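As structure tokens, the structure follows; a few thoughts come after it.
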Amino acid sequence: MDFFDTVDKRRSTRAFQAKEVDVKTIKQILDTVNLAPSAGDLQAYRISIVKSKKTKEELMSACLDQEFVAQASVVFIFSADKKQSEVKYGARGYELYAVQDATIAAAYCQLAATALGLACAWVGAFDPLEVSRIINAEPEEVPVAVIPVGYPNARPSWTGRKELKELVRQI
């Protein structure tokens, strides 16, 4: 699938088939994520991968009971490593760059999953302390995105987008 087709086909999917995503496909997603740009090439983020039914159910609870989190074959959690970025960039790295690194990596995850015929959703509504506990995050790691991935039950309909004139300001 070419890049523009991938972007066009990506939708937030909240209904998954009970079909496993194989290890090779997960590795392809991770290889793609590893190519994501980051501030100073630090890659100041960590990725937790959850496949266990029990742990996905815990995550579902931490994600405000969004059931599709537990239904996904695999869940990727992207956490910013704020201290790593702070070492090189000070307060700006701590407050912003590590979060940007993690979010860019999460976006690459979504695009890679879509290109491979999978579906996903970006979950930002979660209890960060509970997610940190579930994934056994280090103290300097802050979860910023939960990305459930799996085979879609159905392709969600197009939700539309704002007109560019509402988003773009030329200076």
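The values are calculated or read from the model by the stated rules, or taken from the named source; none is laboratory data. The structure presented is a predicted model; accordingly, all values stated were derived computationally and were not measured. Methodologically, a virtual Cβ is constructed for each residue, glycine included, from the backbone with ideal geometry; neighbour enumeration extends over all protein chains shown.
Restricting the search to segment 59-75, which residues are among the β-branched types (Val, Ile, Thr) and at positive phi?
none
Taking the stated definitions as given, is residue 101 without any contact (Cβ under 8 Å) to a residue 12 or more places away in the chain, of a type in the set (Asp, Glu) and either buried (at least 19 other Cβ atoms within 10 Å of the Cβ) or on the phi > 0 side of the Ramachandran plot (or both)?
Values: without any contact (Cβ under 8 Å) to a residue 12 or more places away in the chain: no; of a type in the set (Asp, Glu): yes; either buried (at least 19 other Cβ atoms within 10 Å of the Cβ) or on the phi > 0 side of the Ramachandran plot (or both): yes.
The answer is no for residue 101.
If I go through segment 134-162 residue by residue, how many of them are of a type in the set (Ser, Thr, Tyr) and modelled with pLDDT under 95?
Going through segment 134-162 one residue at a time, the tally reaches 2.
Restricting to segment 116-125, give me the number of residues that are within 13 Å of the chain's Cα centre (by Cα) and in contact (Cβ under 8 Å) with a residue 60 or more places away in the chain.
Looking only at that region, the number is 6.
Residue by residue through segment 41-56, note down the ones that are loosely packed, with under 13 Cβ neighbours inside 10 Å and either in a helix (DSSP H, G or I) or touching a residue at least 12 places away in the same chain (Cβ under 8 Å) (or both). Give the derivation first.
In the first step, residues of segment 41-56 are kept if they are loosely packed, with under 13 Cβ neighbours inside 10 Å; the result is 41, 52-54.
41, 53, 54, listed by residue number.
Given 84, 100, 43, which one is polar (S, T, N, Q) and closer than 21 Å to residue 148 by Cα?
Just a single option satisfies the conditions, and that option is 100.
Of the conditions (1) assigned to a helix (DSSP H, G or I); (2) touching a residue at least 12 places away in the same chain (Cβ under 8 Å); (3) closer than 22 Å to residue 1 by Cα; (4) over 17 Å from the mean Cα position of the chain (by Cα), residue 20 satisfies every one except a single condition; which number is it?
(1)
Checking the condition without any contact (Cβ under 8 Å) to a residue 40 or more places away in the chain and in contact with a strand residue (DSSP E or B) (Cβ under 7 Å, 6 or more places away or on another chain), which residue from 148, 128, 152, 139 passes? Don't jump to the end; show me each part of the working.
Numbers: 148 fails: without any contact (Cβ under 8 Å) to a residue 40 or more places away in the chain; 152 fails: without any contact (Cβ under 8 Å) to a residue 40 or more places away in the chain; 139 fails: in contact with a strand residue (DSSP E or B) (Cβ under 7 Å, 6 or more places away or on another chain).
The unique qualifying residue is 128.
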